[in-house]
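Since every read-out is calculated from the coordinates, none of them should be taken as a lab result. Note that the structure is a prediction, hence the values are computed from the model and not measured. Here the Cβ positions follow ideal geometry from the backbone for every residue, glycine too, while neighbour counts run over all protein chains shown.
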Amino acid sequence: MKKQDELFAGKAKTVYATDDADKLILHFRNDTSAFDGEKIEQLDRKGRINNRFNAFIMEKLKAAGVATHFEKILNDEESLVKKLEMLPIECVVRNISTGSLCRRLGVEEGLDLNPPTFEFFLKNDELHDPMINDYHILSFKWATGDEITQMKALTFKVNDILASLFRDAGMLLVDYKLEFGRYRGALLLGDEFTPDGCRLWDIETRKKLDKDRFRQGLGGVVEAYEEVAQRLGVSL
Ligand code: ADP
Ligand code: CDP
């Protein structure tokens, strides 16, 4: 398998073609962005940590029956994945209220959400990823009705698997974002699952162990990611 042309450089990862038309290489960079790319910094070791962390989580999900794009780790900062036709949609599940949910709805921070809530967002930085509903997705043909059903079911299935994985390691999975894509007629989990795209709080102190440390300028971002990895037993 040979790395070929760069296809796309996103805010945190670069995507490369390979000599296999069905496979891509994802390069996890040290770049860290927030507020739709307005705040960007390089954080030493983050690319490597996220690459290893993502591989660990994708393997756990696969073992629990969630089909993902992940194939294998190639080196410190790169992994091989199946090439998906990505849907332009972000799926968010929330177990505890915080972030944009509180800003939008004026609800209190830190409420346990029972049942957890689900939101779709359109993946579009220029429009600041607006919230959308099932009807927008159908009317604009961003996905089919069957895909909507699958995205919801898979995102909640991931919640069942990962909330207990993190709880066993002393952390609360507060919320997270997933992206899905089409592959040979199936819908697979794509992109990444790392502390860049979820919120994790210490179960006792509620200390933030995720990208909110970067968004809010709290410092110790990479150290927090390393602590999460160490608690889960991810070898860095
Ligand atoms: P962003 O697009 O938010 O800046 P990244 O820097 O993480 O995000 O860029 C990675 C890009 O690769 C994203 O647009 C994501 O949708 C896309 N992507 C992730 N996994 C796959 C895949 N398996 N096949 C095709 N594209 C993918
Ligand atoms: O981060 P912000 O408060 O603006 O957004 P949110 O809607 O509260 O984010 C919910 C969850 O999705 C958080 O875990 C974010 O890290 C994640 N997310 C993401 O990874 N990428 C986005 N473009 C939007 C949200």
I want to verify a result. In a Gaussian network model of the chain, Cα cutoff 10 Å, which of these has the top mean-square fluctuation: 60, 72, 141? 141
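Take the residue pairs 2/62; 46/152; 3/82; 72/152 and return only those whose Cα atoms are more than 18 Å apart. Display every interim value, and only then the final one.
Values: 2/62 25 Å; 46/152 29 Å; 3/82 14 Å; 72/152 26 Å.
Cα-Cα > 18 Å for 2/62; 46/152; 72/152; rest within.
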List the residue ranges in the chain for DSSP H helices whose C-alpha atoms run 18 angstrom or more along the long axis and whose Kyte-Doolittle average is -0.5 or above. 145-168
The chain: most fluctuating residue of 130, 195, 88 per GNM, C-alpha cutoff 10 Å: 130
For the chain, what does -39500 (n - 2.57) per DSSP helix run (n ≥ 4), summed and divided by total residues, give at 222 nm, in deg cm²/dmol to the nearest 500? -9000 deg cm²/dmol
Note on region 54-112: alpha-carbon gyration tensor, axes a ≥ b ≥ c; rule is a/c under 1.5 for rounded, else prolate if a/b larger than b/c, else oblate; result prolate
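Identify the trypsin sites (Lys or Arg not before Pro) of region 5-45 meeting these criteria: DSSP loop state and at most 15 other C-beta atoms within 10 Å of the C-beta.
Of the trypsin sites (Lys or Arg not before Pro), the ones in loops of region 5-45 whose Cβ has at most 15 other Cβ atoms within 10 Å are 11, 45.
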Report the Cα centroid-to-centroid distance between region 213-227 and region 100-157 in angstrom, as an integer. 26
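With an 8 Å cut-off on Cα pairs and a minimum separation of 6 or more residues, tell me the relative contact order of region 71-153 in percent.
So the answer I get is 23 percent.
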Can you pull out the chymotrypsin sites (Phe, Trp or Tyr not before Pro) in region 1-110 that DSSP calls coil and that have at most 12 other Cβ atoms within 10 Å? 35
Classify region 77-182 as rounded, prolate or oblate, taking a ≥ b ≥ c as the square roots of the eigenvalues of its Cα gyration tensor: rounded when a/c is under 1.5, otherwise prolate if a/b is larger than b/c and oblate if not. oblate
Filter the GluC sites (Glu not before Pro) in region 165-212 down to the DSSP loop ones having no more than 12 other Cβ atoms within 10 Å, then list what survives. 204
Heads up, the chain by the C-alpha gyration tensor (a ≥ b ≥ c square roots of eigenvalues; a/c under 1.5 rounded, else a/b over b/c prolate, else oblate) looks rounded
Gap in Å between the Cα centre of region 43-70 and the Cα centre of region 174-208? 10
